[in-house]
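The values are calculated or read from the model by the stated rules, or taken from the named source; none is laboratory data. All values reported here derive from a predicted model rather than from experimental measurement. Protein only, heavy atoms only, side chains kept; ligands, DNA and RNA dropped before computing areas. Shrake-Rupley method; radii C 1.70, N 1.55, O 1.52, S 1.80 Å.
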Amino acid sequence: MSDLKWALGDWTYYCINAESDEWANQWRPIAQQIETYLFELNDDDDEASDWHEQFLETMCRILVSLENENAFDVLRRDPDFRLCCADHDESLEDGAARMQRVRESE
């Protein structure tokens with residue numbers, strides 16, 4: 001059971017932006033706006049520029065800001081509670097490493 005605790009993809013609310021999910025129609029226009037905005041931030045037209053990673057790092061910065069404001073103190077948390085921002089196809093360790101990089105850059 002402890003393995004499931006950190007298996008982010010197994011949580012029912014996890015993939016609200018998945019194409020097969022009931023929220024797909026609501027998420028799609030938002031995702032398009034985010035993608036367009038992040039592509040506009042890049043001076044080059046290289047599609048290889050990783051807007052997706054920029055988005056995840058932005059989400060990490062938001063989490064760090066909330067953490068610094070003690071926003072999570074109102075939650076009942078396990079002693080090993082931690083914040084993570086990971087995409088569906090990456091490991092918890094990769095998400096944790098991203099959070100650490102963002103924390104260190106703030």
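Sorted by accessible area with a 1.4 angstrom probe, largest first, how do Trp23, Trp51 fall?
Trp23, Trp51
Any chance you could look up the accessible area of Asp87 with a 1.4 Å probe, heavy atoms only, rounded to 10 Å²?
Surface open to solvent at Asp87 totals about 30 Å².
Roughly how many Å² of Phe72 are accessible to a 1.4 Å probe, to the nearest 10?
40 Å²
What is the gain in length, in nm to one decimal, between Thr58 and Ala31 on full extension, counting 0.36 nm per residue of separation less the C-alpha to C-alpha distance?
Answer, rounded to one decimal: 8.3 nm.
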